[in-house]
């Protein structure tokens, strides 16, 4: 069952920027591309570096530590070498009126497993 939580106002999450948010102890990044909002954990899957310190070029997110690149729409790591375990950790996100909401359902279970 979904557990949608408001994390930001729509006006705060600007296109072309890496926007930080959090729910409890979970740090997130919010990205807006072509009117769509995407949410991911604020940790590079490579070494855990904060993705909020990276750069956004069009629809590609670049980690500042080792310059790993990720597709914003899918969270997939972009590389000539397939690394499915190195994709971003996604959170479902939606725009509701003037609010951006993120579904945190299952996060407690994920944290217990991790």
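Read the figures in this text as sums done on the coordinates, not as results from a lab. Predicted, not measured: the structure shown is a model, and the values here were computed from it. As a convention, Cβ positions derive from the backbone with ideal geometry for all residues, glycine included, and neighbour counts pool all protein chains shown.
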Sequence ranges 36-47, 7-18, ranked by mean other-Cβ count within 10 angstrom, highest first
36-47, 7-18
FRET efficiency, residue 99 to residue 1 (Cβ-Cβ, R0 22 Å, nearest 0.05)
0.65
Per 5 Å bin, what percent of the C-alpha pairs of the chain does each bin hold, from zero upward?
2, 12, 24, 24, 20, 12, 5, 1, 0
Region 1-68: Rg to Rh, with Rh as the Kirkwood radius over Cα pairs:
0.97
With a point put 7 Å past each Cα toward its Cβ, work out how far residue 69 is from residue 34 in nm, to one decimal.
1.8
Can you compute the modelled spin-label distance between residue 60 and residue 14, with each label point 7 Å from Cα toward Cβ, in nm?
2.3
Per GNM of the chain with C-alpha springs under 10 angstrom, the most fluctuating residue out of 49, 77, 66 is 66
